[in-house]
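For reference, the structure discussed in these notes is given below.
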Amino acid sequence: MEFAAALSIESVSLFSDSVDFLEDTSINLLILLALGWTAVARARTGKFLALLILVPGLAAVWTAVAKFGAPVTPDANLLTITGAGALLVNCACAIRLARHRHGNGGLTRAAFLSARNDVLANIAIIAAGIVTAITLSFWPDLIVGIGIALLNLDAAKEVWEVSDSETSDLEAEA
């Protein structure tokens, strides 16, 4: 639904967030599969998850570059309403995963950071919708889209570092 809204109003931030939903699904399926794997395999999977977290950021950059070629202001109402609907879904997920935010390993870190980033992105999308309604500018949407890319970059770095440390520790024990 968010993807369709993003395309219809040419929103950088909604497009980035909708790609992020796909990334979240992939991450959670991989985590579910990896739970039965060896500790070393789970740690290595964490590195792959870090790379996967970069996908929405790359989508945001790609869409942002395209926006400069055709600076269309997205519909502020649809931007805000879609962001609010996504926020409700993501808050429910983040609340469920919050107890695992300090868990050991890249897998739990990836799951929590992904959910946390979704909530932050949705709050920013709602704010962009409100500012867009006031200013009638495409800039708030573009800035939030780039912010989503930076947020994912930071999360990917953190997951990579945790997974790298975990992998090194496990390989040293073996």
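The values are calculated or read from the model by the stated rules, or taken from the named source; none is laboratory data. Just so it is clear, the structure is predicted and the values come from calculations on it, not from any experiment. Neighbour counts are summed over all protein chains in view; Cβ atoms, including those assigned to glycine, are modelled from backbone coordinates with ideal geometry. For accessibility, only protein heavy atoms count, side chains too; no ligands or nucleic acids. Shrake-Rupley method; radii C 1.70, N 1.55, O 1.52, S 1.80 Å.
Taking only the range 54-67 into account, find how many residues are open to solvent by less than 10 Å² (accessible area, probe 1.4 Å) and touching a Ser or Thr at 6+ places or on another chain (Cβ under 7 Å).
Total satisfying the criteria: 2.
Here are some conditions: (1) under 12 Å from the mean Cα position of the chain (by Cα); (2) within 19 Å of residue 7 (Cα to Cα); (3) surrounded by 24 or more Cβ atoms within 10 Å (Cβ to Cβ). Residue 110 meets all but one. Which one does it not meet?
Going through (1) under 12 Å from the mean Cα position of the chain (by Cα); (2) within 19 Å of residue 7 (Cα to Cα); (3) surrounded by 24 or more Cβ atoms within 10 Å (Cβ to Cβ) one by one, residue 110 breaks only (2).
What do you reckon, is residue 161 open to solvent by 80 Å² or more (accessible area, probe 1.4 Å), assigned to a helix (DSSP H, G or I) and at pLDDT below 80? Steps first, please.
Working: open to solvent by 80 Å² or more (accessible area, probe 1.4 Å): yes; assigned to a helix (DSSP H, G or I): yes; at pLDDT below 80: no.
For residue 161, the condition - open to solvent by 80 Å² or more (accessible area, probe 1.4 Å), assigned to a helix (DSSP H, G or I) and at pLDDT below 80 - is not met.
Quickly run through the range 1-24 and pick out the residues that are assigned to a loop (DSSP other than H, G, I, E, B) and open to solvent by 30 Å² or more (accessible area, probe 1.4 Å). Steps first, please.
Initial filter on the range 1-24 (assigned to a loop (DSSP other than H, G, I, E, B)): 1, 10-11.
Passing the criteria: 1, 10.
On the basis of being more than 14 Å from residue 6 (Cα to Cα) and surrounded by 14 or more Cβ atoms within 10 Å (Cβ to Cβ), does residue 70 make the cut? Before you say what the answer is, go through the steps one by one.
Working: more than 14 Å from residue 6 (Cα to Cα): yes; surrounded by 14 or more Cβ atoms within 10 Å (Cβ to Cβ): no.
It is false that residue 70 is more than 14 Å from residue 6 (Cα to Cα) and surrounded by 14 or more Cβ atoms within 10 Å (Cβ to Cβ).
Spot the failing condition for residue 83; the list is (1) open to solvent by less than 50 Å² (accessible area, probe 1.4 Å); (2) not in a helix (DSSP H, G or I), and only one is missed.
Here residue 83 clears every test but (2).
So how many residues does the range 1-20 have that are β-branched (Val, Ile, Thr) and in contact with a Gly (Cβ under 6 Å, 6 or more places away or on another chain)?
Here is the first cut: in the range 1-20, the ones β-branched (Val, Ile, Thr) are 9, 12, 19.
Those left that are additionally in contact with a Gly (Cβ under 6 Å, 6 or more places away or on another chain): 12.
The total comes to 1.
So in the range 124-151, with the set limited to residues that are farther than 15 Å from residue 81 by Cβ and of a type in the set (Ser, Thr, Tyr), which one is surrounded by the fewest Cβ atoms within 10 Å (Cβ to Cβ)?
135
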